[in-house]
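I have placed the structure first, in the form of structure tokens, so that the comments after it can refer back to it.
The values are calculated or read from the model by the stated rules, or taken from the named source; none is laboratory data. From a predicted model like this one, the values you see are computed outputs, not experimental measurements. Quick reminder, even Gly has a Cβ in these numbers, built from the backbone with ideal geometry, and neighbours come from all protein chains shown.
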Amino acid sequence: MAATLALVAAACFALAATLQQKGALGLGGISFAHPASLFRLLRQYWWLAGTAVLFVGYAFQAVALDHGRLSVIQPLLVTTIVFALPLGYFITAQHVGRREVIGAIVVVIGLAVFTVVGDPAGGRDNAPNDQWAIAIAVVIVLVGVLMVLGGRGTLERKGGTYGAAAGLLYGLSASLWKPSADMIDAGGVSAAFSHWEIYACGLAGIAAFVVQQVSLGTGRLAPSVATTSVLNPVLSVCIGIVLLEETLSLPVWHKVVAWAGLSLAMWGAISISLEREGDAGAEPAREPTPAAPAV
């Protein structure tokens, strides 16, 4: 059931990203250098619809994490890029090539191998504060580096780089939600709000949301969604294994095959991103549908 909810969340995230991008088309550049550009999104019907769908996805993801392992639920969100390809083609006129289709198939196969063979289990509900502090500091540094790099290069690179930063923040938020959900189950909402984890979870999620809007504002859906979908589960799996002590099933060959499957899925998602960047100067995209009128 938890895995099914994760797949539904992934489909919601893909639809949300596509609708939000549709709302951003025609508004000009969306950037941190011009904060007013972010507020202009609030006047677009399609962007508001996408945001509503995004929160529905958050709800499905939250329930999935509450009932499943972090190392299982988060990798399934890589399927977001699989759902995003056809949605981007029909809704925002994104080009979908053969390599992207093959990459999507590879993602599905790799995730199936990881989930079935790896079968992550065990673990603990939370980790010591000092371990969380180190993990959060590392994420902040990496996000800072990506944000600096995101201001340079092509639109494809900007979309992918900011998407990667958003993915790290989403992964941190999801990882912090896991102990927060356990606190809610054990002592109610008041118990969770008496600890720092739920506040950090919310701040990371909000930051990820804002950064993702700049990424989607480039108009390059595939690299944006691909890098977000890759970095989100990669960080979550690392935190699940290192901090929450979740383990893959024995014997050893199960672990080897499981990691190979997850690596294959990540390679498939990355190849989709690279294909979009490689096609940027070679094949013009179909004419995008104009943005919805302002509210």
Among the candidates Asp119, Asp125, which residue alone is at positive phi and not small (Gly, Ala, Ser)?
-> Asp119
Pull up the stretch 179-225, narrow it to residues that are part of a helix (DSSP H, G or I) and of a type in the set (Ser, Thr, Tyr), then point me to the one that is nearest to the chain's Cα centre (by Cα).
-> Ser224
Which residue out of Tyr45, Tyr89 is hydroxyl-bearing (Ser, Thr, Tyr), farther than 14 Å from Gln213 by Cβ, more than 14 Å from the chain's Cα centre (by Cα) and crowded, with 16+ Cβ neighbours inside 10 Å?
-> Tyr89
Every pair of residues 6+ apart whose Cβ atoms lie under 7 Å, when the first sits in the stretch 239-258 and is among the hydroxyl-bearing types (Ser, Thr, Tyr) while the second is assigned to a loop (DSSP other than H, G, I, E, B) and at pLDDT 90 or above = none
Filter the stretch 48-59 for residues that are within 17 Å of Leu172 (Cα to Cα) and either touching a Gly at 6+ places or on another chain (Cβ under 7 Å) or buried (at least 21 other Cβ atoms within 10 Å of the Cβ) (or both) and give the result.
-> Gly57
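Among the listed residues Gly123, Gly97, Gly103, identify the single one that is surrounded by 16 or more Cβ atoms within 10 Å (Cβ to Cβ) and closer than 30 Å to Met183 by Cα.
Being surrounded by 16 or more Cβ atoms within 10 Å (Cβ to Cβ) and closer than 30 Å to Met183 by Cα holds for just one of Gly123, Gly97, Gly103, which is Gly123.
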Just wondering, is there one or more residues in the stretch 40-54 that are in contact with a Cys (Cβ under 9 Å, 6 or more places away or on another chain), assigned to a helix (DSSP H, G or I) and at pLDDT 85 or above?
-> yes
Test for Val113: is it surrounded by 14 or more Cβ atoms within 10 Å (Cβ to Cβ) and in contact with a Leu (Cβ under 6 Å, 6 or more places away or on another chain) = no
Only residues that are surrounded by fewer than 21 Cβ atoms within 10 Å (Cβ to Cβ) and either part of a helix (DSSP H, G or I) or at pLDDT 90 or above (or both): list them for the stretch 61-81, please.
-> Ala62, Val63, Asp66, His67
In the stretch 129-145, which residues are touching a helix residue (DSSP H, G or I) at 6+ places or on another chain (Cβ under 6 Å) and either among the acidic types (Asp, Glu) or under 11 Å from Val211 (Cα atoms) (or both)?
-> Val143
List, please: which pairs have Cβ atoms under 6 Å, are six or more places apart or on different chains, and start with a residue in the stretch 225-238 that is in contact (Cβ under 8 Å) with a residue 40 or more places away in the chain and end with one that is of a type in the set (Phe, Trp, Tyr) and assigned to a helix (DSSP H, G or I)?
-> Asn232/Tyr170
Which listed residue is hydrophobic (A, V, I, L, M, F, W, C), under 17 Å from Ala14 (Cα atoms) and crowded, with 21+ Cβ neighbours inside 10 Å, from Leu235, Leu216 | Leu216
When the stretch 106-134 is checked residue by residue, the ones that are more than 18 Å from the chain's Cα centre (by Cα), in a helix (DSSP H, G or I) and of a type in the set (Gly, Ala, Ser) are Ala112, Gly118, Ala133
Could you please tell me which pairs satisfy a Cβ distance under 6 Å, a separation of 6+ or placement on different chains, a first residue in the stretch 64-80 that is under 18 Å from Phe13 (Cα atoms), and a second residue that is at pLDDT 90 or above and basic (Lys, Arg)?
-> Leu65/Lys178; Leu70/Lys178
Complete set of residues in the stretch 194-212 that are surrounded by fewer than 24 Cβ atoms within 10 Å (Cβ to Cβ) and under 23 Å from Arg157 (Cα atoms) | Gly205, Ile206, Ala207, Ala208, Phe209, Val210
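May I ask you to say which residue of Val234, Val189, Val210, Val214 is closer than 16 Å to Gln74 by Cα and at pLDDT below 95?
Result of the check over Val234, Val189, Val210, Val214: Val234.
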